[in-house]
Amino acid sequence: MKILVVGTGSIGTRHIKNLYELGHEIFAVDTNVENLKQVLSLTKNSYNSLEEALKGKPDAAFICTYSNDHMRPALKCAEAGCHLFIEKPLSTSLEGIQELLDIAESKKLITMVGCNMRFHPAVSYIHKQIKSNRYFTKPLWGNFETGYFLPFDKEDYQKSYKANRSMGGNLILDAIHELDYAIWFLGEPQEVICSKGIISSLKIDTEDHVEMIVKFRSGAVCTMHMDYLQHGYSRRCKIVCEEGTVVWDFVGGSIGSVTVQDGKWAWKDMKVDISYNQMYIDEARYFMDCVSAGRATFNSIRESMQSLKLALAADRSSSTNQWEKV
């Protein structure tokens with residue numbers, strides 16, 4: 001299948017390598033000539049202009065530009081009839097999304113917003129338990145946490161989008177995985193209250209920590225913490241249900257569950273023995289399989305709007321210091 005990758009920074013390059021390994025014909029577009037040179041051996045052709053690239057009639061497009069510039073290329077690719085994979089987050093605002101939805105639905109395009117953590121075996125396992133194991137089918141409360149030290153992520157972190165609001169930087173949107181799988185586990189969010197800001201000496205104009213509480217239409221409640229401060233990578237969650245509790249620690253690679261049936265913890269090894277990149281490979285394969293089958297994905301543009309609306313409501317709440325409707 002012919003696939004156009006729009007934006008060849010780090011995530012665009014990752015997708016190019018994976019799609020190449022999966023046997024697809026890859027075309028790339030970027031205004032940065034040096035970026036294009038890095039993927040020259042993996043692509044059939046490269047372009048500096050999206051309009052020129054679309055003349056080749058690609059079957060699908062992967063939108064991998066900065067998150068505040070997703071809608072512009074996505075709209076052009078949708079108009080050209082490309083099925084759409086958009087890197088997370090869907091966007092940094094709701095502007096243009098309804099227009100994109102209308103085009104995608106009128107042209108019967110398959111769409112997906114890339115949240116690779118859905119392809120982690122532990123996240124998938126928890127979702128399956130909540131949907132099918134009677135001890136976990138009524139979630140009451142959740143706790144989600146993620147954090148890492150930004151200078152460890154990138155030595156020149158001040159130049160990265162994560163440190164610059166003008167490039168789409170926003171910690172809530174950067175850590176939108178937690179919002180995404182909280183919604184996947186707990187259902188439609190209803191309202192949120194949030195506090196965020198800078199409490200460290202990091203030279204950024206975004207924020208270095210976020211604290212929020214989210215209420216869901218199901219009656220469930222969750223707390224969320226995100227930061228650029230921890231000196232070791234952290235990602236974990238806990239879901240407390242009416243008749244059972246499940247906890248997961250990404251770094252420790254373990255998942256534990258306990259139910260009212262016996263009150264004893266049972267532990268599973270959930271280390272990803274394969275490379276971290278496997279989640280991205282599985283994600284791309286899943287999307288392309290859906291395109292081939294004409295089958296809707298489980299995180300289409302319409303569905304992904306829930307996590308974006310929650311993120312935007314949390315941003316509003318951090319300014320108003322009040323609960324905000326999602």
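The values are calculated or read from the model by the stated rules, or taken from the named source; none is laboratory data. On a predicted model such as this, the values are computed, not experimentally measured, just so you know. Heads up, the Cβs are rebuilt from the backbone with ideal geometry, glycines too, and the neighbour counts pull from every protein chain shown.
Annotations
- One residue stands out in the range 172-223 among those that are assigned to a loop (DSSP other than H, G, I, E, B), of a type in the set (D, E, K, R) and within 21 Å of THR137 (Cα to Cα): the one that is farthest from the chain's Cα centre (by Cα), namely ARG217.
For (1) more than 30 Å from SER254 (Cα to Cα); (2) in contact with a Phe, Trp or Tyr (Cβ under 7 Å, 6 or more places away or on another chain); (3) outside the structural domain of HIS209 (by TED's automatic domain parsing), each residue gets a yes or a no:
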position	(1), (2), (3)
ARG72	yes, no, yes
CYS77	yes, no, yes
GLU87	no, no, yes
LEU94	yes, no, yes
ILE97	yes, no, yes
TRP141	no, no, no
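- Filter result (closer than 19 Å to GLY147 by Cα and of a type in the set (Val, Ile, Thr)) within the range 206-238: THR206, VAL210, ILE213, VAL214, THR223
- All of TRP267, TRP248, TRP323 fail the test of being touching a Cys at 6+ places or on another chain (Cβ under 6 Å) and either more than 30 Å from CYS82 (Cα to Cα) or not aromatic (Phe, Trp, Tyr) (or both), apart from TRP248.
- Residue check, ARG134 within 16 Å of ALA182 (Cβ to Cβ) and among the basic types (Lys, Arg): no
- Within the range 117-133, the residues that satisfy the criterion of being within 19 Å of the chain's Cα centre (by Cα) and touching a residue at least 60 places away in the same chain (Cβ under 8 Å) are MET117, ARG118, PHE119, HIS120, PRO121, ALA122, VAL123, TYR125, ILE126.
- Unique match (being surrounded by fewer than 18 Cβ atoms within 10 Å (Cβ to Cβ), more than 30 Å from ILE3 (Cα to Cα) and without any contact (Cβ under 8 Å) to a residue 12 or more places away in the chain) among SER218, SER195, SER201: SER201
- When the range 19-58 is filtered for residues that are surrounded by fewer than 21 Cβ atoms within 10 Å (Cβ to Cβ), in contact with a Gly (Cβ under 9 Å, 6 or more places away or on another chain) and farther than 14 Å from ILE3 by Cβ, the ones remaining, listed by number, are ASN32, ASN35.
- With a requirement of 1 or more residues that are in contact with a strand residue (DSSP E or B) (Cβ under 8 Å, 6 or more places away or on another chain) and closer than 30 Å to ILE63 by Cβ, the strands (runs of 3 or more DSSP E) lying completely within the range 224-326 that satisfy it span 234-241, 244-249.
- Filtering the range 147-167 to residues that are outside any helix (DSSP H, G or I) and of a type in the set (D, E, K, R) leaves LYS154, GLU155, ASP156.
- The range 31-71: number of residues that are under 23 Å from the mean Cα position of the chain (by Cα) and free of Cβ contacts under 8 Å to residues at least 24 places away in the same chain: 1
- Odd one out for GLY81, checked against (1) modelled with pLDDT of 95 or more; (2) crowded, with 21+ Cβ neighbours inside 10 Å: (2)
- Look at the range 102-116: where a residue is basic (Lys, Arg) and a partner is surrounded by fewer than 17 Cβ atoms within 10 Å (Cβ to Cβ) and outside any strand (DSSP E or B), sitting 6+ places away or on another chain with Cβ atoms under 7 Å, you get LYS107/GLY81.
- Test: ALA61 is of a type in the set (Gly, Ala, Ser), closer than 20 Å to THR13 by Cα and surrounded by 22 or more Cβ atoms within 10 Å (Cβ to Cβ): yes
- Close contacts from the range 265-281, counting a first residue that is under 16 Å from ARG14 (Cβ atoms) and aliphatic (A, V, I, L, M) and a second that is modelled with pLDDT of 95 or more and surrounded by fewer than 16 Cβ atoms within 10 Å (Cβ to Cβ), with Cβ to Cβ under 8 Å and a gap of 6+ residues or different chains, come to ILE281/GLU21; ILE281/LEU22.
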